[in-house]
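Each remark here refers to the structure printed beneath this line.
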Amino acid sequence: MQKSVLLVGESWTSSATHVKGFDQFYTATYHTGADAFLAALKESDYQVTHMPAHEAQAHFPTTLEALQAWDVIILSDIGANTLLLHPDTWLKSRRTPNRLTLLHDYVAGGGNLMMIGGYFSFQGINGGARYRNTAVEKVLPVRCLPWDDRVEVPEGASAECITQHPVLDGLAGEWPWLLGYNEVEMHPEGQLLATVSGTGHPLLAVREYQKGRTLAWTSDMSAHWLPDEFCQWDGYRRLWVNALDWLTRARS
């Protein structure tokens with residue numbers, strides 16, 4: 001029986017102005033960064049539903065019961081504001097549930113949460129992701145920094161596995177290059193599995209929080225921080241399957 005995974009985020013829209021002498025016109029382009037991840041898990045024990053960022057503001061669950069329908073929830077490149085500012089609050093000044101608090105309660109009650117890095121993960125670009133000091137940060141294996149936490153590594157950075165753990169099963173040897181990540185600090189109750197080589201910065205960490213589990217991967221799930229070589233690597237699929245297997249495994 002397949003387990004259910006809700007992937008939230010990993011989409012954006014770009015607008016451009018094209019100037020040709022006296023004339024100009026505008027275009028808008030929709031992008032998704034989830035294609036490689038969804039393809040990797042297509043033939044697996046996990047049924048992944050993608051909720052793009054533009055849908056999450058209105059449609060991300062607003063009750064604990066609705067969250068509990070999912071075996072795993074993944075937040076990837078989606079800022080805290082999108083979950084905090086339901087249209088009824090943003091446009092109509094109505095009280096609505098705090099969905100960051102609901103995510104905390106979901107994990108505390110036995111749910112499983114993964115955060116994947118990006119420009120609007122952890123603290124994010126210009127500090128705009130804003131997960132520091134939130135109820136979501138409280139359950140993570142890492143802590144967010146109070147500023148823009150992006151580390152761009154255009155020359156490439158390598159991963160260094162520092163312990164044995166089920167999430168790392170079958171991933172021995174050299175991993176493909178990373179081109180960036182979010183810098184975070186370890187939570188005292190988190191377990192560090194892999195770092196960005198030469199920095200000590202957490203790349204992969206896990207935690208058991210009350211009845212649930214959480215996992216943090218501080219680089220991306222695809223471009224630009226995760227190049228094609230990483231997404232096409234045999235270990236790409238294994239990494240995510242291992243992560244989901246650990247998150248959903250019954251605790252002894």
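The values are calculated or read from the model by the stated rules, or taken from the named source; none is laboratory data. Keep in mind that this is a model prediction, so the values were computed, not measured. Cβ coordinates were reconstructed from backbone atoms using ideal geometry, including for glycine residues, and neighbour counts include every protein chain displayed. Just the protein is used for accessible areas: all its heavy atoms, side chains included, with ligands, DNA and RNA removed. Shrake-Rupley method; radii C 1.70, N 1.55, O 1.52, S 1.80 Å.
Taking the conditions (1) assigned to a strand (DSSP E or B); (2) out of contact with any helix residue (DSSP H, G or I) (no Cβ under 8 Å at 6 or more places or on another chain) in turn, LEU75 satisfies each one other than (2). Going by the conditions given, is SER93 under 24 Å from TRP233 (Cα atoms) and among the polar types (S, T, N, Q)? Taking the combined requirement at face value, the residue does not satisfy it. Scanning the range 61-83 for residues that are charged (D, E, K, R) and either in contact (Cβ under 8 Å) with a residue 12 or more places away in the chain or touching a Gly at 6+ places or on another chain (Cβ under 9 Å) (or both) yields ASP71, ASP77. For LEU203, the stated conditions do not hold, so it cannot be described as at pLDDT 95 or above, part of a loop (DSSP other than H, G, I, E, B) and open to solvent by less than 10 Å² (accessible area, probe 1.4 Å). Against the definition (out of contact with any His (no Cβ under 9 Å at 6 or more places or on another chain), under 28 Å from ASP148 (Cα atoms) and part of a helix (DSSP H, G or I)), how does THR101 come out, yes or no? Taking the combined requirement at face value, the residue satisfies it. Here is the figure for the range 163-195: residues that are in a loop (DSSP other than H, G, I, E, B) and either among the polar types (S, T, N, Q) or closer than 14 Å to ARG207 by Cα (or both) total 7.
Among the candidates ALA16, ALA28, the residue that is open to solvent by less than 50 Å² (accessible area, probe 1.4 Å), over 22 Å from THR248 (Cα atoms) and either outside any strand (DSSP E or B) or at pLDDT 95 or above (or both) is uniquely ALA16.
Determine whether LEU192 is at pLDDT 95 or above and open to solvent by less than 40 Å² (accessible area, probe 1.4 Å). It is false that LEU192 is at pLDDT 95 or above and open to solvent by less than 40 Å² (accessible area, probe 1.4 Å). Note on the range 1-13: among residues that are over 18 Å from LEU215 (Cβ atoms) and over 14 Å from the mean Cα position of the chain (by Cα), the one that is surrounded by the fewest Cβ atoms within 10 Å (Cβ to Cβ) is MET1. Residues that are of a type in the set (S, T, N, Q), open to solvent by less than 50 Å² (accessible area, probe 1.4 Å) and closer than 22 Å to SER197 by Cα do not occur anywhere in the range 95-113. Sub-8 Å Cβ pairs linking a first residue in the range 181-208 that is touching a residue at least 24 places away in the same chain (Cβ under 8 Å) to a second residue that is assigned to a strand (DSSP E or B) and of a type in the set (S, T, N, Q), at least 6 apart or interchain, are HIS201/THR195; PRO202/THR195; LEU203/THR195; ALA205/GLN191; VAL206/GLN191; VAL206/THR214; ARG207/GLN191; ARG207/THR214, ordered by first then second residue.
Taken together, the criteria exclude LEU215 from residues that are closer than 29 Å to ALA69 by Cβ, in contact with a His (Cβ under 7 Å, 6 or more places away or on another chain) and either open to solvent by less than 30 Å² (accessible area, probe 1.4 Å) or modelled with pLDDT under 95 (or both).
Do we find a residue being without any contact (Cβ under 8 Å) to a residue 12 or more places away in the chain, charged (D, E, K, R) and open to solvent by 60 Å² or more (accessible area, probe 1.4 Å) anywhere in the range 51-59? For the range 51-59, residues without any contact (Cβ under 8 Å) to a residue 12 or more places away in the chain, charged (D, E, K, R) and open to solvent by 60 Å² or more (accessible area, probe 1.4 Å): present.
The number of residues in the range 133-162 that are over 25 Å from GLY110 (Cβ atoms), in a loop (DSSP other than H, G, I, E, B) and out of contact with any Asp or Glu (no Cβ under 9 Å at 6 or more places or on another chain) comes to 4. Residues considered: SER252, SER158. Of these, the only one that is modelled with pLDDT under 95 and over 17 Å from the mean Cα position of the chain (by Cα) is SER252.
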